[in-house]
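Here's the structure we're looking at; comments come further down.
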Amino acid sequence: MRLGSRCVIAAAVTIMLATASGMGRLLAQRGRAAAPTKPIMVEDVFKNVQALKGIGVDDFLLTMGIMSAAVGSDCVGCHPSAGTDHVDWALDTPRKRTARRMVQMVTAINRDTFNGRQVVTCWTCHRGRDRPVTTPTLDVVYGPPADDSDDVLTQARGVPSVDQVLDKYLQAIGGARNVARVTSFVATGTSVGYRGFGGGGVVEVSAQAPDKRATHISFPEYPDRGVSVRTYDGRTGWIATPLAVVPKYELAGSERDGARLDAMLSFPTQIKQALTNVRVGPPSTIGDQDVTVLQGNGPNGTLATLYLDDRSGLLVRMVRHGRSPIGRVPTQVDYSDYRDVGGIKFPFHWTFAWLDGRDNFEFSDVKLNVPIDAVKFGEPNVAPAPAKVAR
């Protein structure tokens, strides 16, 4: 896991795969290089990677999450003894060989039928099942239609303009002039993972305009778990979770683009700087809330979709879609419990969800415009786990 609770990193139908043999050595070498010319590729870190060579470690782990979500499985389905000290990640299994063929099939369909556009993915057929459904049931045929929205939205008709939506949002959280004065914040509180995992965690989220952000989660009651960290310093990002298969790695692909977006969108007046081609989509709902949907394009094909409550104008959800070789990768943050902090409304409850975990942050203290040591946003000072050798 990274910051959450599901063992999806080494996904169940994975192509992988492997053990992170030598990861600490590689990252140490990378950290000493003043200006690295090439990011560490997945084949530099894992053994027996065949179908997904040439991508970064972060994009590889995202791909594992996509595969696991698509077939509704976890590590053990593809890696016998996963979760123990006896797992051999590099061992070939029938399901791993099948997964390789599926990746090749999907790639060929998109290449030959859709001119290389990523139209068909694992989720297209599997929808959380190991084996895709081949025949519709009559309950589905005559029942209510599925309410799945498209990833990419087009400008809707008869809706407020982008400027009107953003002006309402900025006014709701304190007014554009006051919001623009916020150049940093530090929010501290508690963190609880998916299904209560990691209860008792202490979280600190720090952000500095225009594009730096860090999340640190420690576990005072369980010091052996170490510290889970996500950082982005305006150029480079890192993820560290000491007990994971890969305890620490530098972001080089879709996760780095997402980290940059997260950092910039921490300061609402930067939305138009962070996103291009911003448009207002069709009206939607989240639970019993009517919401206005705003979407824009981030770097390298990343999408960011903002959901703003129609009545209050406040942001209630942000979903960003990154890229992977087999489909878009969603990350979602839900915001609630807005309180006044120095004349600015700040959400004191965040739910941060991604394909291999979900964390609930309950902040108890938020400080605005405070100095933050630049070290906070840099490479996490987390000791790498001992290198493992495939058995």
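So the values come out like this:
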{"read-out": "From the options T183, T190, residue that is more than 16 Å from the chain's Cα centre (by Cα), farther than 18 Å from K376 by Cβ and open to solvent by 40 Å² or more (accessible area, probe 1.4 Å)", "value": "T190"}
{"read-out": "Of all residues making up the stretch 347-380, the number that are open to solvent by 20 Å² or more (accessible area, probe 1.4 Å), assigned to a strand (DSSP E or B) and of a type outside the set (D, E, K, R)", "value": "7"}
{"read-out": "Every residue from the stretch 56-86 that is open to solvent by 30 Å² or more (accessible area, probe 1.4 Å), outside any helix (DSSP H, G or I), touching a residue at least 60 places away in the same chain (Cβ under 8 Å) and within 22 Å of G322 (Cα to Cα)", "value": "D74"}
{"read-out": "The lone exception for L52 - which of (1) open to solvent by 20 Å² or more (accessible area, probe 1.4 Å); (2) in contact (Cβ under 8 Å) with a residue 40 or more places away in the chain; (3) closer than 24 Å to P330 by Cα; (4) in a loop (DSSP other than H, G, I, E, B) it fails", "value": "(1)"}
{"read-out": "Boolean, T285 is of a type in the set (V, I, T) and outside any helix (DSSP H, G or I)", "value": "yes"}
{"read-out": "Residue match in the stretch 150-158 (condition: within 27 Å of the chain's Cα centre (by Cα), of a type outside the set (S, T, N, Q) and at pLDDT below 85)", "value": "yes"}
{"read-out": "Matching residues, the stretch 105-132, being among the small types (G, A, S) and in a loop (DSSP other than H, G, I, E, B)", "value": "G116, G128"}
{"read-out": "Residues of the stretch 245-266 that turn out to be hydrophobic (A, V, I, L, M, F, W, C) and open to solvent by 10 Å² or more (accessible area, probe 1.4 Å), as a count", "value": "5"}
{"read-out": "Qualifying residue in the stretch 103-115 (condition: farther than 30 Å from Q208 by Cα, modelled with pLDDT under 90, among the small types (G, A, S) and exposed (fewer than 12 other Cβ atoms within 10 Å of the Cβ))", "value": "no"}
{"read-out": "Test: L153 is touching a residue at least 12 places away in the same chain (Cβ under 8 Å) and surrounded by fewer than 20 Cβ atoms within 10 Å (Cβ to Cβ)", "value": "yes"}
{"read-out": "Pair list, Cβ under 7 Å, 6 or more apart: the stretch 264-293 residue farther than 17 Å from S149 by Cα, other residue at pLDDT 95 or above and hydroxyl-bearing (S, T, Y)", "value": "P268/Y169"}
{"read-out": "Residues satisfying the stated conditions in the stretch 267-300, i.e. open to solvent by 50 Å² or more (accessible area, probe 1.4 Å) and either closer than 19 Å to A180 by Cβ or in contact with a helix residue (DSSP H, G or I) (Cβ under 7 Å, 6 or more places away or on another chain) (or both)", "value": "T269, K272, Q273, N300"}
{"read-out": "Test: residue in the stretch 158-175 that is open to solvent by 20 Å² or more (accessible area, probe 1.4 Å), over 25 Å from L303 (Cα atoms) and among the aliphatic types (A, V, I, L, M)", "value": "no"}
{"read-out": "Considering residues of the stretch 301-343 that are under 15 Å from the mean Cα position of the chain (by Cα) and at positive phi only, the residue most open to solvent (accessible area, probe 1.4 Å)", "value": "G301"}
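For (1) more than 30 Å from A304 (Cα to Cα); (2) in contact (Cβ under 8 Å) with a residue 24 or more places away in the chain; (3) in a loop (DSSP other than H, G, I, E, B), each residue gets a yes or a no:
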| site | (1), (2), (3) |
| --- | --- |
| D88 | yes, yes, yes |
| V103 | no, yes, no |
| T134 | yes, no, yes |
| P144 | no, no, yes |
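The values are calculated or read from the model by the stated rules, or taken from the named source; none is laboratory data. Predicted, not measured: the structure shown is a model, and the values here were computed from it. No Cβ is skipped: glycine too gets one built from the backbone with ideal geometry, and neighbour counts run over all protein chains shown. Heavy atoms of the whole protein, side chains included, go into the accessibility calculation; ligands, DNA and RNA do not. Shrake-Rupley method; radii C 1.70, N 1.55, O 1.52, S 1.80 Å.
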